[in-house]
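Values quoted throughout were computed directly from the atomic coordinates according to the rules given, and no laboratory measurement underlies them. These figures come from a predicted structure and were not determined experimentally. Cβ sites come from the backbone with ideal geometry, for glycine too, and all protein chains shown count toward neighbours.
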Amino acid sequence: MSGSICLRCLARPVAAIETAAPTSRIATAAFSTSAPLAANPPKKKGPAVAVKKQQHTKSFTKARAGGKGGSGGGRPPQQGERKAMRKRIVLSNTNALEVHGLEDMTAKNIVDSQSAGKMLGLSNEVLDALRAAAAFKPTQGWSLFRRPATLVRKETLEVVRQLEEAGDKKSTVRQVIFGEKGSGKSVLQLQAMAAALLKGWVVIHIPEAQELSIGHTSYQPVKIGEETVYVQPHYIAQLLGQIAKANYTVLSHLRLSKQHNLPIPVQSNISLVRFAELGAGDADIAWPFFTALWSELTAPSAEGEGMARPPVLLTLDSLNFAMGNTTYLNAELQNIHAHDLALVRQYMDILSGAESLPNGGAVIAATTESNKPASPALDFACERNEALQAGKEVPEWDPYVKVDRRVLKVMEGAEALHLKGLSKDEARGVMEYYARSGMLRQTVNDSLVGEKWALSGGGIIGELERSSVVMRV
Amino acid sequence: METRAMRSGFRQAIAAFRSQTKRYPSYQSRRFLATPTQPPTDEIRAAPPFRFNDKQSQGEEDMEEGNSGFAKLLPKLRIVPASPSYFTGKPGFTDDILELQTLLRKYITLPVLPPGEAPRIAWKTHAQYKVQSGEPVKAARYTKILQVLARLNYIHPSVMPEEVKKALEKYKRDVQPFLNKPKPGYVDEYGRARGVGRRKACHAVAYLVEGEGEVMINGKSLSQAFGRVHDRESCIWALKATDRIDKYNVWAVAQGGGTTGQAEAITLAVSKALMVHEPALKPALRRAGCVTRDPRRVERKKPGKLKARKMPAWVKR
């Protein structure tokens, strides 16, 4: 599987070697259980290979002659190659066994309480849409199994039920998922997105709020009334592209219904996919296009072809980065608060309930526990909201510590969903899936489930996967 | 044929005489026997004790009469040592071992305890014995004494003779560490059993209650407390080795040291607490290596070395 790129020097292997290797040798390779013919070795053309080979040896000798490099020679990775490796998302493992009888997630079985504790696969359409929306992360264990599947846990059913209710009643679900590292916050969000896609909702996903706040993308001030907000044109253009791609089937049936003040002339009955793609093509016009698209999606549903408006699901991961100061500076050389970024503000308006979704919908944000900025107000707000929901004693903010009031205000009415470990039945369901995928070579019985459950800190699913599949002895 | 008959006749005659003459051991061998045997009447008897303040024994009367009288008595005086092993190299040791061997021979038929169940006794160390006897006894020799002592200690306590008890008393250390019994653990009214464990510089206390396998360490879950899966496994190793993971809940508080030390201190604490709940698991836990405290600590740094053992780099001059 990892044959395409050499992990040591990040160089592509010389194709001549691959092609020269006799097929019989591949067939007898002891470590691979996949059919030898299934993996088609990439064929490369002669001249390209020759050039590469030459480069390889040249730089190698150079490095040795200089005596400087500790890297052991080899071609240095090209620009962006390391990042591409780091961010590469692999959703399949040809060495893992195909799990027979693995159902696909459908709009029906995702709300069915019968499927609690079961694994459900993701169908190709949903998979493509989720991939386009960048819902998968490289840190998740998708690359261990034949095809992506997720566990339907108690919280999944609850969230999907809430989504269904919001769609029916045209209300807005405002939810913040928090919990321990590896507890499945992002995957729960992904399941909500998959369910929304299956229901024909529009899904807008910000995969990483960090990208908005650490100053890696361009920004520019925009006056809205008295206030100055900051627009990130390149990021928004990229987001528009993602929206268009992920919601292609839904948006292609919808047409523009309003007159907008846009910098370029646009056909009046253009489909919303085309509209978003137009915005995605040019960073300079992305923000007006995004606001126009947003107003289209939040317009009340009307009669007529392409005038119906589906509910919208807004999701945002790594909420911690959007709940404090960013590294962007304003004209006074002070750090800009994340809520002064135009895109983040749009999200926060809905999360706080200042703006509602007339066609129903949900905003689901997930916090992160790894490499997160300190955001005490958010932590406190999550705890407070959880205590309020449970009817327990509400914690009080330390009066001697300065509090970020904007964060507390946004979080006021949001539902806090504390994601804890799996139950033992759920753990058993997922471990049976591991075993049937051939990734866990032990008999799944009560004692093994109990042991792994305890080792993973009470069923923290990331740790469960780590201790039973990744760290296999 | 005749010679053969004559030979057998002689043999019988000799045998008839031998049985009478060998009734008592010969004088030489009898002297070195530890067991006092019935001495024959014709044996050389020790002279009566020589008292210097006793006039008669000193022959003062004769002295008064004149020097010639004392001189007359001198040949009669013969001091014989009280112990027959006086002329051996280490008479004290010889006496001791002979005494113990005598006792053992005397009571060899008494019932004994099953192997491994004799009361544990701290016998005097070799150094202490040397001080006591005042003789340069070698360690190997003292081991001989210890072997006899160990055998005598196996005599069933209900039939242990006073004589043996007295003899053993002489070789016991003044302080008997095995009499210090740890307080037996108990399960309190909330169903908790407490165990303490140590490893390296760490100290851990674990509380075990019946439950379903939840673990809390310093107020954190197992996965939050330890990043390494190996350390997490160490923490619940005692439960895993006895197949009890899903039967107990663990609360542990670990202090000091590093992560590995804390994890292994918790192993020991959990196993101690588990032994309170189920004492019969002790052999299984010993096999799993969770009963004995690992006494190793950081080795001290020595002068002339960079660390405990590392030598500074060699320099030509």
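Quick one: order A:His339, B:His277, A:His234 by neighbouring beta-carbon count within 10 Å, fewest to most.
A:His234, B:His277, A:His339
Under 15 Å from the Cα of B:Lys138, which aspartates and glutamates turn up, not counting those fewer than eight places away in the same chain?
Filter leaves B:Asp96.
Setting aside same-chain residues fewer than 8 positions from A:Lys372, which lysines have a Cα under 29 Å from its Cα?
Leaving aside lysines fewer than 8 places away in the same chain, those within reach of A:Lys372 are A:Lys83, A:Lys87, A:Lys137, A:Lys154, A:Lys181, A:Lys185, A:Lys392, A:Lys402, A:Lys409, A:Lys420, A:Lys452, B:Lys220.
Counting other Cβ atoms within 10 Å, which trypsin sites (Lys or Arg not before Pro) in segment B:225-273 have at most 16 and lie in a DSSP loop?
B:Arg228
Within the set B:Lys144/B:Lys272; A:Lys170/A:Lys223; B:Lys247/B:Lys282; B:Lys144/B:Lys183, which residue pairs have Cα atoms separated by over 26 Å?
Where the Cα-Cα span goes over 26 Å, the pairs concerned are B:Lys144/B:Lys272; A:Lys170/A:Lys223; B:Lys144/B:Lys183.
Return the loop-located trypsin sites (Lys or Arg not before Pro) in segment A:78-124 (DSSP other than H, G, I, E, B) with at most 13 other Cβ atoms within 10 Å of their own Cβ; answer none if there are none.
When the trypsin sites (Lys or Arg not before Pro) of segment A:78-124 are filtered for loop state and at most 13 Cβ neighbours within 10 Å, A:Arg88, A:Lys108 remain.
Could you tell me the center-to-center distance, by alpha carbons, between segment B:106-168 and segment A:327-373 in angstrom?
Value for the Cα centre distance between the two parts: 84 Å.
Got a sec? How would A:Glu451, A:Glu303, A:Glu158 order by Cβ neighbour count within 10 Å, fewest to most?
Least crowded to most crowded, the residues run A:Glu303, A:Glu158, A:Glu451.
Quick one: order A:Ser218, A:Ser467 by neighbouring beta-carbon count within 10 Å, fewest to most.
By the 10 Å Cβ count, ascending: A:Ser218, A:Ser467.
Which loop-located chymotrypsin sites (Phe, Trp or Tyr not before Pro) does segment B:219-317 contain, where loop means any DSSP state but H, G, I, E or B and the Cβ has at most 16 other Cβ atoms within 10 Å?
B:Trp314
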